[in-house]
1. Read phi for every residue in segment 22-28 and hand back ³J(HN,Hα) as whole Hz from Karplus 6.51 cos²θ - 1.76 cosθ + 1.60, θ = phi - 60°, with x for Gly and Pro.
2. Measure nothing but the geometry: give the 0 to 90° angle between the long axis through the Cα atoms of 159-179 and the longest principal axis through the Cα atoms of the chain, rounded to 10°.
3. How charged is the neighbourhood of Arg66? Take every other residue with its Cβ under 9 Å from the Cβ of Arg66, and add Lys/Arg as +1 and Asp/Glu as -1.
4. So if each residue of separation counts as 0.36 nm, and I subtract the Cα-Cα distance between His201 and Val157, what length gain in nm does that give?
5. What does the charge count near Ser38 come to, summing +1 for each Lys or Arg and -1 for each Asp or Glu among other residues with Cβ under 15 Å from its Cβ?
6. In which sequence would Trp185, Trp167 go, from the one with the fewest C-beta neighbours within 10 Å to the one with the most?
7. As a footprinting exposure proxy, order His107, His201 by other Cβ within 10 Å, with the fewest listed first.
8. Take a quick pass over the chain and tell me how many lysine pairs come in under 26 angstrom between Cα atoms, counting only ones 8 or more apart or on separate chains.
Amino acid sequence: MNLSNRRAEYRENLREDILDAARQLFLVHGFEDTSIRSIASKVGASPGVLYHYFEDKQHIMAVLVRETFSRLSARLEAIRADNDTAQARMRRGLRAYIEFGLEFPHHYTLIFVKPNTIEGNERIYAAFMEDGMKTFGCLRSISAEIVAGGFAREQLVDAEELAQSLWVSIHGLVSTQISIKTFPWIERMRLIDRQIDILMHGVLRH
């Protein structure tokens, strides 16, 4: 590896270290109470070094939001676009969402559970509205197929209502599994299977 490649690798690694440090500090102390200086200290760099990568902490938070949604969206989009039935893709999409949240609990908690100040932070708001809604669009699209195809229960005629109701349900499962450790949960995969079964039974026409 030549010197130029080593420098590029170092810069990329440092950028990832900054993002990881920021995510941890935002989770522990909150977005408002985390400073650029504290992030720089955690990675062993000067604040000036961080400004070579990010304009400010709002920029850092926006990147964390976009990267998390990008990872989740890639999984859901692959399911949305394949040739399986809408019912099967819905079931797989719900599972993929749940598994993502449990595989990346810190990413999930920062984006969906911890309150983030986006009022007045246009860059963060844009990240949620653009990348977040694109990700939600995968669930909305499959919901629309189920409704349009006549597979849903008679009272389920609004695809947006269906998509939002499903998201609220699976979000509840993920967030409680991450945050509530003292409850005597049944085996996790069994709980996930049963939750998805209940949701699909409530959605599909019989």
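Read-outs: derived from the displayed coordinates by stated rules, not from any lab. Here the structure is a predicted model, which means the values were calculated and not measured. Positions of Cβ are generated from backbone atoms using ideal geometry, with glycine treated the same way; all protein chains shown enter the neighbour counts.
1. Coupling constants for segment 22-28: 4, 4, 4, 6, 4, 5, 7 Hz.
2. 60 degrees
3. Once positives and negatives cancel, what remains is -3.
4. Between His201 and Val157, full extension yields 14.2 nm more.
5. In short, -1.
6. The most exposed by this proxy come first: Trp185, Trp167.
7. Final ranking by Cβ density, sparse to dense: His201, His107.
8. Step by step, the pairs that qualify in the chain add up to 6.
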